[in-house]
Amino acid sequence: MAANQLEDVVQRWRTTEDFKPEDHKLFLNAGHTCIAQGDCTQLLDFIKEEANQHIVRSMGSGLLPRLVNEVQRKDQSSANCQAILNHLVQICSVKELLNILLLQVEDSDPNGIADSIVVLMPLIQSVLLRMGEAKAHGLALALDSLQKQISKLPVPYSHKQEQEDVYGLCRSCTAVLTFVQPFVQEVKNQDTNSVATELRAALLKFCMESLREPLLHVQLDREANMTEISPLWNFATEIMAILAVIQESLPKILFYHPLRGKEDTISEKDAYHLNESRACMAYLLFVQLIATEVPQDYKNVFFSHLTICLPDSKTVWTVKDLHVKSLERVTDCSLSVELLDLKPFHEVPKNLITIMIDCPIQHLRGKSLVVFQLFIEKLNGEAKHTFFRRIMKTSHHAGVESIIIKNIKNQVERYRKSAYEDSWFEGTLLISLLRDTIILPQGHETDLLHGMDRVMESLNLLRYLLIQERNNSTGIWIDLCHIANSYTKLLRLCLSMSKSYYGTELRRLREDKKIKAKEFKEASGKLSIQSLTVKTEMLGNMPCEAQDKVLQCALVTYDLMESLVVRIEEIIEDSQN
C-alpha cells in the first residue's frame with residue numbers, strides 16, 4: 001500500500017514543481033508509512049530515482065527526523081535509512097536541512113545524547129560543506145548546539161569509567177573531532193580569506209568551550225595515557241593542536257585576551273568562562289605537557305589564569321597540580337613582598353583557604369594545604385612576614401591561624417640553624433610580629449575549645465623561643481617575657497573559667513544521668529528514653545555518652561594547655577634566679 005501511495009505521488013508531481021502544503025503532508029505520510037512498515041528499500045529506490053529528484057529536493061528534508069530515529073534504533077532497516085539520509089543531505093535545501101538537524105540535536109533524549117551526536121555529526125558536516133560562504137555561521141550554530149548537549153554528559157573519573165564510556169562522553173568527543181577536521185583544514189589552507197577568518201572564530205570558540213567543558217573536569221594522567229589509549233587524552237591533545245592551527249600561538253591565547261576587540265562588551269559570565277578555559281589550557285601545557293611552544297619562564301605570569309577555578313571543588317585537582325608544577329619551578333624564598341599586592345598572589349592563598357575550610361572532600365582539603373604551604377615556602381623573608389600578618393588579621397579561623405603560627409616557629413628555627421640570616425624573623429621585627437600574633441582574639445571571652453589549635457601552637461612557639469633566648473643575648477628576652485606573661489596571665493583566666501564551666505556541666509550531666517536512670521527504673525519502662533531532654537544546650541541533641549566524652553576531652557585539652565603554661569612560667573622563673 002505504501003508503494004502505491006508513492007506511485008500516485010510520483011504520477012501527480014513529476015510534471016510540476018509547485019508543491020502545496022497538502023502535497024508536503026501527503027508526501028511525508030507516504031514516506032513515514034514506508035519507514036513504519038519496513039519498506040525502506042523501496043523508499044530508497046524512489047529517493048534515488050533521477051526523475052524524482054526535484055520532488056525529493058523540495059519535500060525530502062521532512063523525512064529526516066523519522067529516518068534519524070530509525071538509524072539510532074539500529075534495526076535491520078537502519079542501513080537503508082542511513083543511505084536515504086546520506087542522499088537527502090546532498091540534494092535538499094541546506095537551510096532546511098541544518099535547521100531540522102540542529103533541532104534533532106537539541107531534542108535528543110537525555111539517555112541517548114551520545115547516540116544522537118554520533119548519527120547526526122556526519123550529516124551536519126555534509127550540509128555545512130555545501131553552504132559555501134555561509135558555512136562559518138552554520139558551523140558556529142552547530143558547535144554551540146553540540147556543546148550544550150555534550151556538557152550534559154557525566155565526566156568519567158577513572159580509566160575504567162573512560163573505557164566503559166557508559167554515558168557516551170568519549171564517543172561524543174571523538175565524533176566532534178572528526179566533525180571539525182574539514183573546517184580546520186580549510187582554515188589551514190586558506191588562512192587569509194573572509195570565510196577562513198569566520199571559521200577560525202567559530203573554531204576558537206569551540207576549542208575554548210571544550211577546554212572548560214569537559215576538559216576542565218577531566219582527570220588526565222600523562223604517564224598512563226602514554227601506554228593506554230585514552231579518548232579524552234586524545235581529545236585534549238587534538239583541541240590544543242587545533243588551537244595551534246587556527247591561532248598565531250598558544251601563548252597569545254593564554255596570556256592575552258583571545259576575543260580581541262570585545263573586551264569592553266564581554267559579560268561577567270563570559271569572562272569567568274574564559275578564565276576557566278585559560279586555566280585548563282595552562283594545566284594542559286604546564287602539567288600534562290601537551291604542546292611545547294610555551295616557554296617555561298612564564299611560571300609566575302600564568303598564576304593569574306588559575307585563581308578563578310579555585311573555589312570550585314570540582315576542579316581542585318587541576319588547580320592543585322597546576323599550582324604545584326608552577327611553584328616547583330620557583331626558587332625557595334625568591335618571591336618578593338611587592339608580588340603580594342598583585343591580584344593573583346592575593347587571590348590564590350585566599351581561595352586556597354576557602355577550600356581548606358569549606359570543601360566537603362577531605363583529601364582535597366589536604367591537597368589545598370599542601371599548595372598553601374608550598375606557596376609560603378617560595379616567599380622571601382619580608383614577604384613571609386607581611387603574608388603572616390595579613391592572614392592572621394583576615395582568616396578568622398583557628399586552624400588557619402595555627403598553620404601560620406607554626407610557620408613562624410619554623411622560619412625562626414630554620415634561619416637560626418642555617419648560615420643564612422633573615423632579619424625579618426629576628427630581633428624587633430620578630431617581636432613586632434609576635435605582639436600581633438600571640439594574643440587571645442576575644443580576650444577573656446575567647447572560646448578556648450574552638451580556638452584550641454591556635455592556642456596550642458602559640459604556647460609551643462613561646463616555649464621554643466624562651467628556651468632558645470634564655471642563653472642568648474639577642475636583646476629580645478625582656479620583650480619576649482613580657483609577651484609570654486601577658487598571654488599566659490589572660491590564658492590562665494580563660495582556663496579557670498572554662499574548666500569551671502565544663503567541670504560543672506560534666507558533674508551535672510552525670511547527676512542527670514543517675515536521676516534519669518532512677519526515674520526510668522521506677523517507671524518500669526513506661527517512660528520512653530527518647531523523651532528525656534538534655535539540659536546542656538551547647539551540646540544539642542547529642543546522646544549522653546557522647547556529651548560525656550566531649551566534656552572530658554575539653555577538660556583534658558585544658559589540662560594540656562595549663563601544663564604548657566606552667567612550663568613557660570617555669571622557664572621565665574628559672575632565668576630570673
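The values are calculated or read from the model by the stated rules, or taken from the named source; none is laboratory data. Note that the structure is a prediction, hence the values are computed from the model and not measured. Quick reminder, even Gly has a Cβ in these numbers, built from the backbone with ideal geometry, and neighbours come from all protein chains shown. In case anyone asks, the SASA skips ligands and DNA or RNA and just uses the protein heavy atoms, side chains included. Shrake-Rupley method; radii C 1.70, N 1.55, O 1.52, S 1.80 Å.
The figures follow:
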| item | result |
| --- | --- |
| Hz values of 3J(HN,Hα) by residue in the range 485-491 - Karplus curve (6.51, -1.76, 1.60), Gly and Pro given as x | 4, 5, 5, 5, 5, 5, 5 |
| Sites T33 and S334, calculated FRET efficiency, Cβ-Cβ separation with R0 60 Å, nearest 0.05 | 0.20 |
| With DNA, RNA and ligands ignored, accessible area of T237 (1.4 Å probe; Å², nearest 10) | 50 |
| Karplus-derived 3J(HN,Hα), 6.51/-1.76/1.60, for each residue of the range 401-410, Hz, glycine and proline x | 5, 5, 5, 5, 5, 4, 5, 4, 4, 4 |
| Cα gyration tensor shape for the range 351-487, rounded if a/c is under 1.5, else prolate or oblate | oblate |
| Three-way shape label, the range 29-114, alpha-carbon gyration tensor, a/c 1.5 | oblate |
| FRET efficiency, Y157 to K514 (Cβ-Cβ, R0 45 Å, nearest 0.05) | 0.30 |
| Ranked by how many other beta carbons lie within 10 Å on average, peptides 402-412, 373-383 from highest | 402-412, 373-383 |
| Mean Cβ count within 10 Å, highest first, over the residues of peptides 429-438, 164-173, 338-347 | 164-173, 429-438, 338-347 |
| Listed residue pairs exceeding 22 Å between alpha carbons, taken from K343/K384; K25/K74; K148/K205; K269/K378; K406/K549 | K25/K74; K269/K378; K406/K549 |
